[in-house]
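Okay, structure first, notes after.
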Amino acid sequence: MPELPEVETVRRSLETLTVGRRIDRVDVRLLRIVRRPNPVEFMARMQGARIEAVSRRGKYLLFDLGHDVLIVHLRMEGRFGFYAAADPILMHTHVIFHFKEDMDLRYQDVRQFGTMDLLAKSDLEKFIPLSSLGLEPLDAHFTSAYLKEKLRTRRAPIKAVLLDQSVVAGLGNIYVDEILFAAQIHPERMASKLSMKDLTRIVDASVEVIQHAIQLGGSSIKSYVNGYGQPGSFQYALRVYGRQGQACLRCGSTIYKGRVAGRGTHVCLSCQKAPRAATIR
DNA sequence: CGCCAAGTCCGGGAGC
DNA sequence: TGCTCCCGGACTTGGC
């Protein structure tokens with residue numbers, strides 16, 4: 001479940017491990033991972049390319065290859081590992097980037113949900129999933145005024161809207177629950193009805209939670225590790241996610257788990273006051 | 001054994 | 001009427 005803090009942590013590790021290296025050969029072992037171009041062209045175009053930089057936008061990783069850019073989405077369980085070329089190939093290894101120095105960058109994904117897109121840098125704006133992303137939560141322009149405008153017409157519950165990548169880029173199920181708990185806002189509040197004060201609380205909570213999570217290298221709930229194979233430690237700092245049945249760290253009442261926007265949703269019903277129409281109350 | 005978990009896309013349907 | 005918005009299903013497979 002890599003969300004922004006996990007993807008950012010992976011980015012930092014891959015930056016150290018791969019920038020400046022030249023790709024000798026790419027081996028696509030599971031075709032569905034590569035969405036475009038076709039796998040033959042994908043492998044051919046990357047051969048000989050040098051990794052100039054590794055950046056991130058929302059939950060997407062971007063490998064700058066000079067003329068082209070490789071865009072990777074890890075979805076739920078995608079991960080990268082750095083190996084000696086002679087190391088045994090583990091299960092669920094779907095794409096291998098071989099470097100000159102007998103080192104490999106390997107993409108592993110039990111769920112096979114992750115995606116790779118290779119495009120010319122000049123076509124980057126045409127890549128809809130990327131070009132339609134909203135602001136990063138740590139962007140200075142991510143403010144209550146920005147959210148007010150974005151949420152003006154949105155009648156969906158605030159949780160669904162914060163999961164919408166065109167509103168804020170990089171939040172997923174874990175951090176939205178954490179942010180709404182920190183902001184003391186019920187996930188089923190209608191987005192368009194939130195006051196500027198509410199929105200300010202959401203912005204402040206977003207910055208605080210996401211910064212803290214990056215500091216701790218992300219949350220390793222299930223399988224997440226960075227490019228060095230190291231887990232994060234923010235799972236120990238989670239205040240509401242996965243704590244159903246336990247005491248609220250703020251008020252002591254019991255954390256409840258329900259369902260909002262089709263997602264498992266954790267709330268403290270004392271700290272996060274339910275609106276009249278709420279199903280979790 | 002059947003359900004759940006995750007993020008995104010897509011189609012159908014609701015609502016303004 | 002036409003558009004925007006919302007929700008649920010599909011994708012996948014391991015774990016409970």
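The values are calculated or read from the model by the stated rules, or taken from the named source; none is laboratory data. None of these values were measured; they are calculated from a predicted model. Counting neighbours? That spans all protein chains shown, and the Cβs are built from the backbone with ideal geometry, glycine included. Ligands, DNA and RNA are stripped out before the accessible areas are found, and what is left, the full protein with its side chains, is counted by its heavy atoms. Shrake-Rupley method; radii C 1.70, N 1.55, O 1.52, S 1.80 Å.
Could you tell me how many cubic angstrom of Cα convex hull volume chain A has per residue?
It is 128 Å³ per residue.
Calculate, in nm to one decimal, what A:Ala277 and A:Leu124 gain on full extension: separation in residues at 0.36 nm each, minus their alpha carbon distance.
50.9 nm
Treating only the Cβ of Lys, Arg, Asp and Glu as charged (+1, +1, -1, -1), what charge dipole size does chain A show about its Cα centre? Round to the nearest 20 debye.
The calculated dipole for chain A is roughly 1300 debye.
Which order, highest average first, do A:135-145, A:217-227, A:41-51 follow once you tally other Cβ atoms within 10 Å for each residue and take the mean per peptide?
Per-residue Cβ counts within 10 Å, averaged per peptide and sorted highest first, yield A:217-227, A:41-51, A:135-145.
Take the Cα pairs of segment A:4-131, get the Kirkwood Rh, then feed it into Stokes-Einstein at 37 °C and 0.692 mPa s and tell me D in µm²/s.
Details: Rh = 14.5 Å.
Diffusion coefficient, whole number: 226 µm²/s.
If you stretched the chain out fully between A:Ala237 and A:Ala44, how much longer would it get, using 0.36 nm times the residue separation minus the C-alpha to C-alpha distance?
Net length gain for the segment: 65.1 nm.
Give the long-range amide H neighbours of A:Arg25: residues separated by 5 or more places, or on another chain, with amide H under 5 Å away, using H modelled in the peptide plane at 1.01 Å from N.
A:Gly48, A:His98
Got a number for carbon plus sulfur as a percent of segment A:158-281's accessible area, 1.4 Å probe?
The nonpolar share, carbon plus sulfur, comes to 49 percent.
Hey, can you find the accessible area per residue of chain A for me, probe 1.4 Å, expressed in square angstrom?
With all protein chains present, chain A gives 45 Å² per residue.
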